[in-house]
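Take a look at the structure set out below.
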Amino acid sequence: PPEDTLAVIKPHTERKEEILEEIQARGFSISHLKDTVLSREMAEEFYKEHRDKPFFSQLVDYMCRGPCTMMVLTKENAVDEWRAAMGPTDPSEARQTAPGSLRARFAKDMLENGVHGSSNMEQAHQKIQFIFGDIGAESVIIDG
Ligand code: CMP
């Protein structure tokens, strides 16, 4: 069955149109899309799993610097497929091990790595809810 994941094109990522084309070429449906400027509070909440990391405050600064393109991507196995499409977090590693990946092609460095994706289905569910609210309700069809 199709699965949803949350994908983000981070602020100031260049060649956004190419990334959007690539998403479609790779067989994802973009079920929801919106551009959002995150507040610091939202960015901190969004990345709460990383709050103890040494790069946390830089990460929050970066994510608030301009609009993020927030998307729900839908496909069989979307969580893992989107992670594979992005490639490793570190773009220099991505260029070596996954040269066709989005981070190999569009990321600047380890921090400003261009795109984000949920790491598992539970997180996908939680982050979609956080960014888009209760969109699941839209697809409930009440019969008769
Ligand atoms: P993302 O996949 O969105 O998840 C956490 C983010 O933190 C990551 O992409 C990078 O933007 C950033 N990040 C992860 N590791 C580092 C690091 N070692 N130094 C700086 N930024 C990092």
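Since every read-out is calculated from the coordinates, none of them should be taken as a lab result. Please read these numbers as outputs of a predicted model, since none were measured by experiment. Here the Cβ positions follow ideal geometry from the backbone for every residue, glycine too, while neighbour counts run over all protein chains shown.
Annotations
- What the pair-distance distribution of the chain shows, using all Cα-Cα distances binned every 5 Å from zero, is 2, 10, 19, 23, 22, 14, 6, 2, 1, 1, 0, 0 percent.
- Helix 16-25 and the long axis of the chain differ in direction by around 50°, with both axes built from C-alpha atoms.
- Net charge over other residues, Cβ less than 12 angstrom from the Cβ of SER119 (K, R count +1; D, E count -1): -1
- Nearest 10 degrees, 0 to 90: helix 121-132 Cα axis against the chain principal axis: 80
- Whole-Å distance, taken between Cα centres, linking segment 33-57 and segment 80-125: 17
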